[in-house]
Amino acid sequence: MSIKKQLGIKIKRLRQKRGLTQEQLAEKMEIATRTLSGIESGKNFVTSETLEKVFTVLNVTSTELFALDHIKPQEELVQEIVNDIQNLKDRNKIETIYKIIKATISD
């Protein structure tokens, strides 16, 4: 997957996490909705000016924005989670993870 596509997916997820539509985010960033749509779909790459607006409006750091490890196939993500949990030795941490997972998926 290209960096444009990965970055677009990340921006879209951050936008959705904050409850914003494309129109709302584009307005806050002072760019056209079609420009944001192109960025989110991976058709267009962000300019440095637009990237600064992403940081400001979505209140993210460059590290957070460019951490793209989460964009993996679902099976791979699940396997990594399982492997990480299986390698834990601390029962309290395992119980905490269990509670978080149960609370998250029971919504």
In the range 77-94, which residues are surrounded by 12 or more Cβ atoms within 10 Å (Cβ to Cβ) and of a type in the set (V, I, T)? I81, I85, I94
Within the range 50-76, residues farther than 20 Å from S2 by Cβ and open to solvent by less than 70 Å² (accessible area, probe 1.4 Å) come out as K53, F55, V57, L58, V60
Please identify the pairs in which a residue from the range 10-39 that is at positive phi has its Cβ atom under 9 Å from the Cβ atom of a residue that is surrounded by 15 or more Cβ atoms within 10 Å (Cβ to Cβ), counting only partners at least 6 apart or on another chain. E30/K53
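The values are calculated or read from the model by the stated rules, or taken from the named source; none is laboratory data. Since we're looking at a predicted model, the values are computed, not measured. So basically every Cβ, Gly included, is an ideal-geometry build from the backbone, and we count neighbours across all protein chains shown. When the accessible area is computed, the model is the full protein with side chains, heavy atoms only, and any ligands, DNA or RNA have been set aside. Shrake-Rupley method; radii C 1.70, N 1.55, O 1.52, S 1.80 Å.
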